[in-house]
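Nothing in this text is a laboratory measurement; each read-out follows from the coordinates by a stated rule. Values in this document were obtained by computation on a predicted structure and should not be read as measured data. A quick note on method: Cβ atoms are made from the backbone with ideal geometry, for glycine too, and the neighbour counts reach across all protein chains shown.
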């Protein structure tokens, strides 16, 4: 199953275990990328407040 990359204006389809397409993911700072992965915790943390906050920060850092 896939979803659309949340990067601004992006229409790329990405697998559900990934947040964004490669282009947008690497616009996110290394610290925030690490936070997203830590909060994800191999899926166990999906949907938690920490995970959602990390995702929100990552999306904020993405540029068109």
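Can you give the three extents of the C-alpha atoms in the chain along their principal axes, from longest to shortest, in whole Å?
That gives 28, 26, 15 Å along the principal axes, largest extent first.
I'd like to compare 19-27, 2-10: which one has the highest average count of other Cβ atoms within 10 Å, and what's the full order after that?
Working: 19-27: 17.3, 2-10: 14.7.
Descending packing order for the listed peptides: 19-27, 2-10.
Expressed in nm to one decimal, what extension gain is obtained for the pair residue 63 and residue 32 from 0.36 nm per residue of sequence separation less their Cα-Cα distance?
Working: separation 31, 0.36 × 31 = 11.16 nm, distance 1.47 nm.
Stretched fully, the residue 63-residue 32 segment lengthens by 9.7 nm.
Mind pulling the angle between the C-alpha long axis of helix 30-40 and the longest principal axis of the chain? Nearest 10 degrees, somewhere in 0 to 90.
60
Simple spin-label model, 7 Å along Cα-to-Cβ: residue 2 to residue 52 in nm?
2.7
When only Cα pairs under 8 Å and 6 or more residues apart are kept, what is the percent relative contact order across the chain? Please report the intermediate quantities before stating the final value.
On the way: 76 pairs, mean separation 21.6, N = 64.
RCO, the chain: 34 percent.
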